[in-house]
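Chemist: One structure, pasted below without further comment.
The values are calculated or read from the model by the stated rules, or taken from the named source; none is laboratory data. Owing to the predicted nature of the structure, the values given are computational and were not obtained by experimental measurement. Neighbour counts are summed over all protein chains in view; Cβ atoms, including those assigned to glycine, are modelled from backbone coordinates with ideal geometry.
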Amino acid sequence: MRAAIFVVSVLGSTAMSGCVFHGRHSGHSSGEASVGVGLEYTYFPSHHAYYHETSGEWFVIEGDAWVSTTVRPVGLVITTDTPWVSVSVEGPSPYVRYEDHSTSYPSNWERKGPKGPPPGRGWRK
């Protein structure tokens with residue numbers, strides 16, 4: 001499974017605009033994609049979406065599957081008022097912690113303190 005995810009990830013970031021990974025995953029990572037270091041993602045609770053600034057990848061739910069794409073989905077509008085939170089996830093699949101994140105930051109979650117754009121190019125003025 002690890003090799004399949006790696007191949008999909010490489011193809012998705014170099015040759016394809018989007019790639020379907022698998023059905024929704026809930027709970028904690030099994031550790032199979034473990035790299036020992038947490039990767040930083042921006043999680044947008046109101047959109048149930050993740051953005052990885054370094055790779056420029058978006059992870060969104062389409063139907064019952066998580067999809068990775070380097071192009072922000074058209075229906076996903078991010079403004080400076082869109083709530084976001086930085087999350088650290090071990091491995092290249094932030095959705096393995098989706099159940100935890102969606103519980104801690106429900107879709108109606110509001111950011112405390114000063115508002116501003118999230119990191120990266122995931123927002124519009």
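Chemist: Would you say Pro83 is part of a loop (DSSP other than H, G, I, E, B), in contact (Cβ under 8 Å) with a residue 24 or more places away in the chain, touching a Lys or Arg at 6+ places or on another chain (Cβ under 6 Å) and not polar (S, T, N, Q)?
Modeler: Criteria met by Pro83.
Chemist: If you scan the stretch 89-112, which residues turn out to be hydroxyl-bearing (Ser, Thr, Tyr), within 17 Å of Glu40 (Cα to Cα) and either part of a loop (DSSP other than H, G, I, E, B) or without any contact (Cβ under 8 Å) to a residue 12 or more places away in the chain (or both)? I'd like the intermediate steps shown before the answer.
Modeler: Taking the stretch 89-112 first, the residues hydroxyl-bearing (Ser, Thr, Tyr) are 93, 95, 98, 102-105, 107.
So of that shortlist, the ones also within 17 Å of Glu40 (Cα to Cα) come out as 93, 95, 98, 102, 104-105.
Within the stretch 89-112, Ser93, Ser104, Tyr105 meet the criteria.
Chemist: Output the residues belonging to the stretch 57-68 that are surrounded by fewer than 19 Cβ atoms within 10 Å (Cβ to Cβ) and in a strand (DSSP E or B).
Modeler: Across the stretch 57-68, the qualifying residues are Ile61, Glu62, Ala65, Val67.
Chemist: Can you spot a residue in the stretch 28-51 that is surrounded by 11 or more Cβ atoms within 10 Å (Cβ to Cβ), at pLDDT below 90 and part of a strand (DSSP E or B)?
Modeler: yes
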